[in-house]
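Trainee: Sharing a structure below in structure tokens format, with a few things to ask.
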Amino acid sequence: MNNVFAALGGALLLAVLPAGCGQVEQLQQQVLASGEQGEKVAEALKASLGADASVVVNMLNGELMQVMVVLEPGQVAGRTVGEVDAAVRTAVQQTFGRQPQQLTVMLMTTQTESE
């Protein structure tokens, strides 16, 4: 799922750039780097929480701006909010060496329609 976010973010980013823009290659590299960093955070969370997280990393001019972590509640059942928050902050700190300007942790559920 991390690759989906990275690819989607990259596609959206590149869709708004004019053709022939000299910054396209630089932005593509930033999108790829963001995706790789998101995968590292997700791997760290898998090791610490045992949960498969989706992670979106937003960078601007190479600066870490925002990290969004999406977890399914069932994967962190039995853990306190403080434990999950600490695990996420630790994973981000270990990956980037610092905290972003904005860190968002979301617990998402998948709803299915009843027949």
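Trainee: Go through region 45-83 residue by residue and tally those that are surrounded by 11 or more Cβ atoms within 10 Å (Cβ to Cβ), within 12 Å of V105 (Cβ to Cβ) and hydrophobic (A, V, I, L, M, F, W, C).
Mentor: Total satisfying the criteria: 12.
Yes/no per residue for (1) at pLDDT below 60; (2) over 17 Å from G97 (Cα atoms):
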site: A7; (1), (2): yes, yes
site: Q29; (1), (2): no, yes
site: L32; (1), (2): no, yes
site: E39; (1), (2): no, no
site: E43; (1), (2): no, no
site: M59; (1), (2): no, no
site: E72; (1), (2): no, yes
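The values are calculated or read from the model by the stated rules, or taken from the named source; none is laboratory data. Treat the numbers as computed from the prediction; the structure is a model and nothing was measured. Using ideal geometry, Cβ is built from the backbone for each residue, glycine included, and neighbour counts are taken over all protein chains shown.
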